[in-house]
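Colleague: Below is one structure. I have some questions about it.
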Amino acid sequence: NLQRLSLSNNKLHGFIINELCQLKGLSELYLAKNMFSGAIPGCLRNTSLRKLNFSSNKLISHIPSSFWDLKDILLLDISSNALSGMILPEVSNLRAIILLNLSRNQISGSIPATMGSLQTLQTLSLAHNKLQGPIPETFSGMISMESMDLSHNYLSGVIPKSLESLLYLNYINLSYNLLHGEIPDGGPFWNFTAQSFMMNKDLCGKSQLQVQPCRRGNKHISNKVMLLIKCLLPIMFVILVVSSIIFLKHKRDDDNYSTKKDLTDLDTPTRISYYELLQGTNGFDESNLLGSGSFGSVYKVILPNENIVAVKVFNNLDTEEALRSFDIECAAVRNLRHRNLIKTISSCSNNHFRSLIMEFMANGSLNKWLYSHNYYLNVLQRLNIMIDVATALEYLHHGSPILVVHCDVKPSNILLDADMVAHLSDFGIAKLFGEKQSKIYTKSLATIGYMAPEYGSKGVVSTKGDVYSYGILLMEMFTRKKPTDEIFVQGLNLKDWVSKSTPHSIINIIDANLLHRKNQNTDNILSHISSVFDLALKCCNDLPEVRLTMIDVVVSLKNIKALLMENAQDIVS
């Protein structure tokens, strides 16, 4: 019944044994940074693998053709080995793949065009191999692509202009190849630097890319054409002057309410003016107020096309903290994309106004569903919401392009869409980490009751602080008691209250709404919620290094849910 096996960062050697293939329920296998040699077992196709990491070993031979039969795999990393052979066209079978890393091997041949059908792929690295031939035009079909590294190969031909359609692409490295021709300049390419294209055969493009300008073929121009040009030039000059005057006047009129660069591309218009925000909120009337925080207020906006969005308006712009909060949130949403994170559409701002336009969450905040008498969440709904939040934090800590610590995980920052899917929001005090940072120090205060001890006393921010906050939230979710509830006096707090009641007295602390339902087995519910509280307490250990990671939390919660679903009739009423 083993589902996850991690033996990474040891000194294990010898062959990877075929007996691993007998673990039919195995979904995650991590053997990275050891000294394994020999070939990769071909029988792994018989497992239920979703994540596999054999990177940084001494594996040789070809990539087993059976690898391309792992249709449900999400993460496949076999980088930094000595694997040879070719990437087969059957790579298109990896229909769910999110990360594919084959870098630093001896893989040769061409990149199969079928790879372009991997629509879920977000991170691709084929760097430091012996790949030849062109970059397939079909790569434009990888619509979720965010990071692509094809450097240090022998790729030739031109860079496909079709790659301009990859809207989420924020990193590309094509350096040290044999590419030639014009570097595309549309779509995401406007933001790439010279480092992405250096040391190629004969690339040309914009001067800031440190390549030669592209030559436009010299054509013979007849005398009649020259005469026509001379006649048209004065007319064109007049038109240009008039157009410039009109443009400058229009710019001056709208300067105070300009809309900045789009952050993403949705069905709703991404250019939303201040006047549309003003009109769609009835002058930011309180009747459209969805919630307020330390640095801003969120309003419901009905646009002229009747689409509904939410706008977060930042207050107190004369303070450094408010401006920093806006900048941090912009930086975060520009780099992050995940099903369980709030999606930001665009920003509307100037020197006196700052706002972010976000997708509208039809079911409001988790805080409303927990503490309003007209709303009710059953056990399964609560568990699904907490899995969604844990998955979002797992992405921020372990799967996003940059490591992000949210710093303010609490019910009011968790929003629910029309399908009751949870989305983590409000990155106003989030911290973005550099490549080698594991913790930083801050003077920003998070919400009392949810802060980890090391955050409140020393200002230490790390992923373990989010894990602590998540543990508090998990307890709150099933007790319906805020960590600042009036019952917590004289040194008693939510964590101690739950700890003293687990596992034998949890009926005294569980939300009564979960027990006063007809046709349900109370003992069954209590046993599963006891497991939830055990998990929450492991997240809230006073020592950061002892706390779980969000990867562990997601696995544990999904296991609890699987057991719970075996008696689904007891919990969905």
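Colleague: Hey, can you tell me all the residues within the stretch 123-145 that are assigned to a loop (DSSP other than H, G, I, E, B) and surrounded by 22 or more Cβ atoms within 10 Å (Cβ to Cβ)? Walk me through it before giving the result.
Modeller: Initial filter on the stretch 123-145 (assigned to a loop (DSSP other than H, G, I, E, B)): 126-129, 134-136, 142-145.
Matches in the stretch 123-145: L126, A127, N129, I135, M142, M145.
Colleague: Is it true that some residue in the stretch 458-469 is part of a helix (DSSP H, G or I), modelled with pLDDT under 90 and under 32 Å from the mean Cα position of the chain (by Cα)? Even if it seems obvious, please write down each step before you answer.
Modeller: Applying the first criterion (part of a helix (DSSP H, G or I)) to the stretch 458-469 yields 458, 463-469.
After this cut, where a residue has to be modelled with pLDDT under 90 as well, the list is 458.
Filter again for under 32 Å from the mean Cα position of the chain (by Cα), leaving 458.
Yes: one or more hits.
Colleague: Another one. Determine which member of the set I63, I16, I87 is of a type in the set (V, I, T) and modelled with pLDDT under 90. Break it down into steps so the answer makes sense when it comes.
Modeller: Working: I16 fails: modelled with pLDDT under 90; I87 fails: modelled with pLDDT under 90.
The conditions single out I63.
Colleague: Another question, if that's okay. When residues of the stretch 483-511 are filtered for being closer than 22 Å to I448 by Cβ, β-branched (V, I, T) and either touching a Leu at 6+ places or on another chain (Cβ under 6 Å) or assigned to a loop (DSSP other than H, G, I, E, B) (or both), how many remain?
Modeller: Residues flagged as closer than 22 Å to I448 by Cβ, β-branched (V, I, T) and either touching a Leu at 6+ places or on another chain (Cβ under 6 Å) or assigned to a loop (DSSP other than H, G, I, E, B) (or both) within the stretch 483-511 amount to 4.
Colleague: Could you run through the stretch 1-48 and say how many residues are among the charged types (D, E, K, R) and surrounded by 12 or more Cβ atoms within 10 Å (Cβ to Cβ)? Lay out the reasoning, then the answer.
Modeller: Of all residues in the stretch 1-48, those among the charged types (D, E, K, R) come to 4, 11, 19, 24, 28, 33, 45.
If we keep only those that are surrounded by 12 or more Cβ atoms within 10 Å (Cβ to Cβ) too, we end up with 4, 28, 33, 45.
So the count comes out to 4.
Colleague: Follow-up question, since we're still on this one. Within the stretch 297-315, does at least one residue satisfy the condition of being part of a loop (DSSP other than H, G, I, E, B), under 22 Å from C407 (Cα atoms) and without any contact (Cβ under 8 Å) to a residue 40 or more places away in the chain? Reasoning before the result, please.
Modeller: Of the residues in the stretch 297-315, the ones part of a loop (DSSP other than H, G, I, E, B) are 303-307, 315.
When the remaining residues are screened for being under 22 Å from C407 (Cα atoms), the result is 315.
Those left that are additionally without any contact (Cβ under 8 Å) to a residue 40 or more places away in the chain: 315.
Checked the stretch 297-315: at least one residue is part of a loop (DSSP other than H, G, I, E, B), under 22 Å from C407 (Cα atoms) and without any contact (Cβ under 8 Å) to a residue 40 or more places away in the chain.
Colleague: A further question follows. Among the residues of the stretch 359-379, write down those that are closer than 15 Å to V421 by Cβ and not in a loop (DSSP other than H, G, I, E, B).
Modeller: Initially, the stretch 359-379 is screened for residues closer than 15 Å to V421 by Cβ, giving 359-366, 369, 377.
Matches in the stretch 359-379: E359, S365, L366, W369.
Colleague: Kindly provide the set of residues from the stretch 56-67 that are within 18 Å of L99 (Cα to Cα) and buried (at least 21 other Cβ atoms within 10 Å of the Cβ), ordered by number.
Modeller: The answer is I63, F67.
Colleague: Let me ask another. Inspect all residues belonging to the stretch 346-358 and state whether any of them is in contact with a strand residue (DSSP E or B) (Cβ under 7 Å, 6 or more places away or on another chain) and either outside any strand (DSSP E or B) or of a type in the set (F, W, Y) (or both).
Modeller: Pass one, the stretch 346-358, residues in contact with a strand residue (DSSP E or B) (Cβ under 7 Å, 6 or more places away or on another chain): 346-349, 354-358.
Applying the additional criterion that residues be either outside any strand (DSSP E or B) or of a type in the set (F, W, Y) (or both) yields none.
Scanning the stretch 346-358 turns up no residue that is in contact with a strand residue (DSSP E or B) (Cβ under 7 Å, 6 or more places away or on another chain) and either outside any strand (DSSP E or B) or of a type in the set (F, W, Y) (or both).
Colleague: Taking only pairs six or more apart or across chains, which ones have beta-carbon atoms under 8 Å, a first residue in the stretch 429-440 that is under 18 Å from T549 (Cα atoms) and among the basic types (K, R), and a second residue that is in a loop (DSSP other than H, G, I, E, B) and modelled with pLDDT of 85 or more?
Modeller: If the second residue must be in a loop (DSSP other than H, G, I, E, B) and modelled with pLDDT of 85 or more, the pairs left are K431/C407; K439/S462.
Colleague: Select from the stretch 366-387 the residues that are crowded, with 21+ Cβ neighbours inside 10 Å and under 25 Å from the mean Cα position of the chain (by Cα) and write down the one among them that is nearest to I308 (Cα to Cα).
Modeller: That would be L366.
Colleague: Looking at the stretch 103-119 only, could you name the residues that are touching a Gly at 6+ places or on another chain (Cβ under 7 Å) and more than 16 Å from G133 (Cα to Cα)?
Modeller: Of everything in the stretch 103-119, those that are touching a Gly at 6+ places or on another chain (Cβ under 7 Å) and more than 16 Å from G133 (Cα to Cα) turn out to be S117, Q119.
Colleague: Filter the stretch 389-409 down to residues that are among the acidic types (D, E) and surrounded by fewer than 23 Cβ atoms within 10 Å (Cβ to Cβ), then give me how many there are.
Modeller: Here is the first cut: in the stretch 389-409, the ones among the acidic types (D, E) are 394, 408.
So of that shortlist, the ones also surrounded by fewer than 23 Cβ atoms within 10 Å (Cβ to Cβ) come out as 394.
Total meeting the criteria: 1.
The values are calculated or read from the model by the stated rules, or taken from the named source; none is laboratory data. Remember, it's a predicted structure, so these values are computed and weren't measured experimentally. In this analysis, Cβ positions are derived from the backbone assuming ideal geometry, glycine residues included, and neighbour counts consider all displayed protein chains.
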